[in-house]
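S.K.: The structure is given below, and queries will be raised subsequently.
The values are calculated or read from the model by the stated rules, or taken from the named source; none is laboratory data. Since we're looking at a predicted model, the values are computed, not measured. Here the Cβ is made from the backbone with ideal geometry for all residues, glycine too, and neighbour counts use every protein chain on show.
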Amino acid sequence: MSKYATALLSSAAILGLPALAHAQSAAPAQATTESATVADVVVTGSNIRRAAAEGINPVQVIGREELDTSGKVTVADLLRSISANTGNSSNETSNSGWASGSAGIGLRGLSQKNTLVLLNGRRVANYGFPSGGLSDTFVNLNALPMVATQRLEVLKDGASAVYGSDAVA
């Protein structure tokens, strides 16, 4: 047999193999009695344009066990001990302005008026008396009881594009 005839015969055999595989029928699917559970899927929509390659936000989560073992009495005391706090906070002993007896927190070197406080995903109203003048409003952290707190989440990055101008810190 010549090389041409061998090549032609092997090419025909190779081209015919997929037809044989296509002719076979698939195995019947086994009926299963087990029910599959699917995890909850939450879809959130927004009209705010975002970058396609958006990264994970740095969030510090303090759970109930950490709250109990911290030894802190108030939410303000606990938030003063986290790394994002840079000392721009008012405490119960300051007499600046009209806000004595209240406590606020400032994150990332910004004042406490640039820190947004959410309770169960909703904004907490600012304290009735500003600190250090008429424009320095803040949320009184002493109004949040430590016993009723299950978890604290601190976003260590600005989120003013999502939450507004008071979420700079």
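S.K.: Looking at region 92-103, is at least one residue closer than 18 Å to residue 154 by Cβ, surrounded by fewer than 15 Cβ atoms within 10 Å (Cβ to Cβ) and at pLDDT 65 or above?
M.R.: no
S.K.: Let me ask something additional. On the basis of being touching a Lys or Arg at 6+ places or on another chain (Cβ under 7 Å) and either modelled with pLDDT of 80 or more or surrounded by 13 or more Cβ atoms within 10 Å (Cβ to Cβ) (or both), does residue 78 make the cut?
M.R.: yes
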